[in-house]
Number of protein chains: 2
Amino acid sequence: MFTPQPIGFVRSPYTGTKQIPKGLGTKHEAEGVLEIQPEFERGLADIEGFSHIFVIWVFDRSQGVELVGTPPFDNRPHGVFSTRSPRRPNPIGLTVVELLRREGRMLHVRGVDMLDGTPILDIKPYLPNIDAWPDAGHGWLEPYLHAGIEPRLKKPYRPPHRD
Amino acid sequence: MFTPQPIGFVRSPYTGTKQIPKGLGTKHEAEGVLEIQPEFERGLADIEGFSHIFVIWVFDRSQGVELVGTPPFDNRPHGVFSTRSPRRPNPIGLTVVELLRREGRMLHVRGVDMLDGTPILDIKPYLPNIDAWPDAGHGWLEPYLHAGIEPRLKKPYRPPHRD
């Protein structure tokens, strides 16, 4: 295997997990900065041309593993690989963010759902021809979609807005 | 940080990197199996309802890091974070695959681009409302898209087919 090393850290408005919007209809609109370590800045060459990027990061404040658990917006347990739960065997998070602009080793992005200070493991270009599957199903979340409500919160479901 | 552990291994038709289709118009249609370790099988509960899943895996046969490199299908160098190159600071790969069926701890999938025996770090449900950005740009690949050719191979570009 390998020894994970942070290539940078997330600057986010969120300092506690309760501040992060969760649930099926959540729009992640928060802006933040991906601050890449100086020694990796050369690896950012040409990143500014992409509109969206993957961020692979570490749930560094998550503790323990829960193979089967109940998400905050549902009342039934699901396998951890069927959720985005932080309590995973490898505590790795994945987020698609919109790249607003680059300033040197600072990537200004929209759509952060990480805590401030989160270590970043990798950044990859989002390539719609292999990564965008708009017709993919929602799995166990599907019935809630059809009902137009979020599982536990019982709020009206609003499809995500895209500019 | 954390110590990565394989939650399973990819069974793929590819035993050498040269066998794996690469390039802009590549359709990854190869079928394979994600063989999850017995101790993590409970974490798969409800996965069978999803049509697509993310696989986060390790480039376990990649050596070294190349912060700026030339992809196999281009003739200009790009930063590693602007490519899907295996020679990354953290050798982590990411692939969206179609989930065909589950048999116990075996996930039969379409769209593998990993070598046989590749260690799997994580599986996450693909959620189109946060993960699908069909209108995302192609960054430095964009001019090649418009020209209708792949950079070096000079083959006609064919948009990916979706059933």
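Working note: Karplus 6.51/-1.76/1.60 with θ = phi - 60° gives the stretch B:30-45 the couplings 5, 9, x, 10, 9, 9, 8, 4, x, 5, 10, 4, 4, x, 8, 3 Hz, where Gly and Pro are set to x. For B:Gln37, the distances from its label point to the matching points in the remaining copies are 2.6 nm, ordered from shortest, with each point set 7 Å beyond Cα toward Cβ. Using the Karplus relation 6.51 cos²θ - 1.76 cosθ + 1.60 with θ = phi - 60°, the per-residue 3J(HN,Hα) values for the stretch A:63-79 come to 10, x, 10, 10, 5, 10, x, 9, x, x, 10, 9, 10, 10, x, 9, x Hz, with x marking Gly and Pro. For the stretch A:1-79, averaging the sequence separation of C-alpha pairs within contact (under 8 Å, six or more residues apart) and dividing by the residue count gives a relative contact order of 27 percent. Charge dipole of the stretch A:18-127 (Cα centre as origin; +1 on each Lys and Arg Cβ, -1 on each Asp and Glu Cβ, all else neutral): 420 debye, rounded to the nearest 20.
So what's the net charge close to A:Ala45: Lys and Arg +1, Asp and Glu -1, counting the other residues with Cβ under 11 Å from its Cβ? Charge balance in the 11 Å sphere: 0. Residues whose amide H comes within less than 5 Å of that of A:Glu31, counting only those at least five positions distant or on another chain, are A:Gly111 (H built at 1.01 Å from N in the peptide plane). Sequence-distant contacts, meaning Cα pairs under 8 Å at least 6 residues apart, place the relative contact order of the stretch A:42-145 at 34 percent.
Which net charge results when you count Lys and Arg as +1 and Asp and Glu as -1 among the other residues whose beta-carbon is under 11 Å from that of A:Pro91?
Here the charged neighbours net out to +1.
Built from the Cα atoms of the protein assembly as shown, the convex hull projects on average onto 15.5 nm², one quarter of its surface area.
Remark on B:Gly8: its backbone amide H falls under 5 Å from those of B:Gln37, B:Ile120, a criterion applied only to residues 5 or more positions apart or on other chains, H modelled at 1.01 Å from N.
Copy-to-copy label distances for A:Arg110, where each label lies 7 Å from Cα along Cα-to-Cβ, are 3.5 nm in order of increasing length.
Taking amide hydrogens as placed 1.01 Å from N in the peptide plane, the amide H of B:Thr70 sits under 5 Å from those of B:His78, each at least 5 positions away in sequence or on another chain. Centre-to-centre separation between the Cα atoms of the stretch A:24-101 and those of the stretch B:118-143: 12 Å.
Take the cross-link list A:Lys22/B:Lys22; A:Lys27/B:Lys22; A:Lys124/B:Lys18; B:Lys22/B:Lys124 and give me the ones stretching past 27 Å between alpha-carbons. Flagged as over cut-off: A:Lys22/B:Lys22; A:Lys27/B:Lys22.
With the label put 7 angstrom out from Cα along the Cα-to-Cβ vector, B:Pro13 ends up 4.9 nm from the copy partners, going from closest to farthest. With θ taken as phi - 60° and the Karplus curve 6.51 cos²θ - 1.76 cosθ + 1.60 applied, the whole-hertz 3J(HN,Hα) list for the stretch B:94-103 is 9, 9, 8, 10, 8, 8, 7, 6, 10, 10 Hz, x standing for glycine and proline.
Values in this text are rule-based calculations from the coordinates and carry no lab data. If you're wondering where the values come from, they're calculated on a predicted model, not measured in any experiment. Virtual Cβ from ideal backbone geometry, glycine too; neighbours counted across all protein chains shown.
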